[in-house]
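Right, one structure below, let's go through it.
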Amino acid sequence: MFNKISVIGLGYIGLPTAAIFASRQKKVLGIDIDASIVRKINKGEIHITEPGLNSIVHSVFNEGYLKASVQVEPADVFIIAVPTPFKKNNSEIPTPDLKHIKAAVMSIAPVLTKGNLVILESTSPVGTTEKISEWLSESRPDLNFPHIHFDEADINIAYCPERVLPGNVVNELIENDRVIGGISLLCSQRSLELYKTFVNGECIITNSRTAEMVKLTENSCRDVQLAFANELSIICDNLNIDVWELISLANRHPRINILNPGPGVGGHCIAVDPWFIVSKSPSDAHIIKLARKINDSKPDWVCDKIKITIAEYLQKNESKTINDVTIAFYGLAFKADIDDLRESPAVIISKKITDTHKGRVLVVEPYINSLPKALSNADLCDFDFAQKEADVHVVLVDHNVFKEASPDCEFMIDTRGIW
Ligand code: SAJ
């Protein structure tokens with residue numbers, strides 16, 4: 001049935017998905033436009049950090065089940081897992097950019113044959129799966145597509161979002177429940193059959209529009225909850241209340257579960273996906289839009305706190321000038337215990353301060369070997385060096401190694417409440 005599976009886009013979702021299918025003895029061809037990624041996978045190696053993934057890719061490659069290529073080939077199933085960034089367009093509301101999805105769809109169009117299943121996994125605005133069906137039918141008028149022919153179509157198309165947590169992807173891919181939204185019932189049923197080859201969680205069938213909205217709703221819900229926690233942290237700071245104590249006490253209520261505030265909300269999902277809802281329903285999506293604004297403004301608030309703390313340090317150390325003040329940032333990743341710096345509020349904050357601060361800036365980030373270009377004026381160092389050299393200490397990520405440390409800092413901003 002599904003003997004040959006092609007996964008288009010070998011990133012944080014596509015590569016683990018390709019590897020797990022291959023580990024179930026499916027012949028998998030991974031496609032990526034980046035030749036260096038393809039070369040790496042074709043040596044049995046990986047280009048991302050994700051616990052447990054390296055050994056799976058290594059063995060499925062050696063057993064001959066996984067290969068990578070820049071060139072699409074015929075297959076039984078095509079799974080699209082490419083990024084869906086947004087465009088800012090000088091407007092208040094960013095809009096989703098479907099160029100990578102469209103390019104992936106156009107790349108498979110020439111090799112499609114009757115009976116193929118096409119699955120979109122990329123987070124996408126509502127209606128994208130139907131659009132894929134339209135694009136394909138324009139490009140392949142010799143085939144029937146489900147947005148017109150439903151269960152009679154030659155090609156089946158569905159939206160099947162992932163909901164895995166970076167850092168626990170391999171386990172969650174297998175164990176999480178999965179929502180499967182076909183354009184027709186047959187599209188859903190065939191997709192369910194495919195995912196059952198490795199998903200232990202329940203696979204639940206719906207239509208493609210609902211499945212698209214489920215994915216956006218999950219991440220928007222978390223964004224709204226994070227905005228609540230971040231707003232609380234600012235209110236508590238003004239009222240001289242320890243927000244961490246407040247939350248732990250409020251969370252003793254049986255129906256309250258407030259998340260932890262932080263320096264902002266990062267990553268390529270929660271900080272992005274809510275805009276896909278807002279851009280489709282700008283006059284109705286009030287809370288979702290406000291949550292985005294609250295979370296996006298938190299890094300500026302942290303920068304202001306850093307400036308106030310520097311001023312306090314100088315007040316206490318009268319012989320020093322601003323040029324003498326060394327600041328240490330602890331963590332750059334967008335969240336704990338990963339190496340991913342995408343959309344990281346920690347990068348935004350440390351860059352903003354590094355660009356204007358006249359003294360030295362140190363960064364402690366055990367998950368990277370060199371600083372990104374944006375921070376070329378800062379120095380990457382280890383924890384002990386930062387503790388010894390810095391005057392002002394700023395915790396931006398709650399990595400376990402930081403939690404286990406016993407810091408000694410008089411002037412400190414702890415955006416994660418770990419010290
Ligand atoms: N964060 C806090 N406080 C918290 C929890 C998180 O400040 O209490 C911050 C993190 O530091 C990070 C951001 O929120 O900056 C997002 O982190 P996250 O752990 O909440 O989520 P992601 O982006 O790693 O993964 C999310 C997950 N979605 C939900 O939990 C609803 C995951 O299940 C999705 O698969 C993933 O987005 C995705 O790919 O869409």
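The values are calculated or read from the model by the stated rules, or taken from the named source; none is laboratory data. On a predicted model such as this, the values are computed, not experimentally measured, just so you know. Ideal geometry is used to build each Cβ from the backbone, glycine not excepted, and the neighbour counts take in all protein chains shown. These area figures cover heavy atoms from the full protein model, side chains too; ligands, DNA and RNA do not enter into them. Shrake-Rupley method; radii C 1.70, N 1.55, O 1.52, S 1.80 Å.
A few notes on this one:
- Residue among 254, 299, 261, 274 that alone is farther than 25 Å from residue 85 by Cβ and open to solvent by less than 40 Å² (accessible area, probe 1.4 Å): 261
- Residue 38 passes every criterion in (1) open to solvent by less than 40 Å² (accessible area, probe 1.4 Å); (2) within 22 Å of residue 333 (Cβ to Cβ) apart from (2).
- Looking only at region 318-329, and only at residues there that are part of a loop (DSSP other than H, G, I, E, B) and in contact with a helix residue (DSSP H, G or I) (Cβ under 9 Å, 6 or more places away or on another chain), the one that is farthest from the ligand (Cβ to nearest atom): 321
- Those residues of region 1-43 which are in a loop (DSSP other than H, G, I, E, B) and within 24 Å of the chain's Cα centre (by Cα), in sequence order: 9, 10, 11, 12, 13, 32, 33, 34
- Residue satisfying all of: in region 390-419; assigned to a strand (DSSP E or B) and not charged (D, E, K, R); nearest to residue 325 (Cα to Cα) among these: 392
- Matching entry among 314, 332 (being free of Cβ contacts under 8 Å to residues at least 12 places away in the same chain and either of a type in the set (A, V, I, L, M) or within 16 Å of the ligand (Cβ to nearest atom) (or both)): 314
- Within region 337-383, being open to solvent by 30 Å² or more (accessible area, probe 1.4 Å) and in contact (Cβ under 8 Å) with a residue 60 or more places away in the chain holds for 337, 339, 342, 343, 348, 367.
- For region 270-291, the criterion of being under 20 Å from the mean Cα position of the chain (by Cα), outside the structural domain of residue 179 (by TED's automatic domain parsing), more than 23 Å from residue 121 (Cα to Cα) and more than 10 Å from the ligand (Cβ to nearest atom) is met by at least one residue.
- All of (1) at pLDDT 95 or above; (2) out of contact with any Gly (no Cβ under 8 Å at 6 or more places or on another chain) hold for residue 8 with one exception: (2).
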